[in-house]
Structures are given as structure tokens and as C-alpha cells.
Amino acid sequence: MRRPTRLALWAATGVVLALVFMAYLSPHLAVDLANRLWSCF
């Protein structure tokens, strides 16, 4: 794989991870996901 392609993939991965971590900063989202998971049992 060429260097610019690899760099773009790493950058995209970093952006996705940052968005996921920012989503978990919202307490409402974390509680909602926990409630949805708990309702499965």
C-alpha cells in the first residue's frame, strides 16, 4: 500500500474513533444505550 493511502486510512480511523468518543461524552446517549442493552435480558 502506498504511503498517502495508508495515511488517509489512519486519518479516517482517527476521525471515526474521535466521533465515537465524543458521542459517549453525552450522558443521555450512554444511559440510553445501556437501557437498550439491559432490556435485551
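Derivation of every value follows stated rules applied to the coordinates shown; laboratory data play no part. Nothing here was measured: the structure is a model prediction, and the numbers come from that model. When we count neighbours, we look across all protein chains shown, and the Cβ atoms used for this are built from the backbone with ideal geometry, even at glycine.
For the chain, which trypsin sites (Lys or Arg not before Pro) pass both filters: DSSP loop (anything but H, G, I, E, B) and at most 11 other C-beta atoms within 10 Å?
Sparse-neighbourhood loop trypsin sites (Lys or Arg not before Pro): ARG2.
What nm distance separates the two modelled labels at SER39 and ALA11, each placed 7 Å from Cα along Cα→Cβ?
Placing both labels 7 Å along Cα→Cβ, they lie 4.0 nm apart.
State whether the chain is rounded, prolate or oblate according to the following rule on the C-alpha gyration tensor (a ≥ b ≥ c being the square roots of its eigenvalues): a/c under 1.5 gives rounded; otherwise a/b larger than b/c gives prolate, and the remaining case gives oblate.
Here the chain falls in the oblate category.
As a test of the formula, what do you get for the chain when each DSSP H run with n ≥ 4 contributes -39,500 (n - 2.57) and the sum is divided by the residue count, at 222 nm and rounded to the nearest 500 deg cm²/dmol?
So the helix-based figure for the chain works out to -27000 deg cm²/dmol.
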